[in-house]
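Nothing in this text is a laboratory measurement; each read-out follows from the coordinates by a stated rule. Predicted model only: the values in this text are computed from it and were never measured. Please note: Cβ atoms are built from the backbone with ideal geometry, for glycine as well, and neighbour counts cover all protein chains shown.
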Amino acid sequence: MAENPTWNKRPEGASAPPPLPDAVSASTQVGQRTVGEITALVEDIRLALSQGYEMPEFHEGVQAAYQWVLGLSPAPFTGRTGIPDRAQLWAEDNAADEALRTGPRRTFANGVQHAVMWVRGATEEQPWFWHQ
């Protein structure tokens, strides 16, 4: 896989992603993380993209998972909406695991699963990193 693929770059003129939630407190827990922690990561991803970073498929999965846990988009595999509870985090983790083993976008699924595992507290290794 290319280090900086172009297949997932936002087309020129495409609308910006939805705003981050402001009705939810930054201290609200989602799994073992706070909305504030996850929001900071989503904002960092947006900064990276605005500066031309072309995400590899793994980071695309991480971004999709973080946007879901903030209630900004449906879950990548289960399609659930809204800020998830513990059971919904587990269901998405399991669905990503299944896709990781059988799906066509296994690297994307790996990113989703790792991000959800971090949110759940199953790992301390937060999977988003970007060096400006």
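Quick notes on this one:
- Modelled spin-label separation between residue 43 and residue 124, with each label point placed 7 Å from Cα along the Cα-to-Cβ direction: 2.5 nm.
- Selection from 42, 94, 67, by position along the positive dipole direction of the range 29-120 (Cβ): 94
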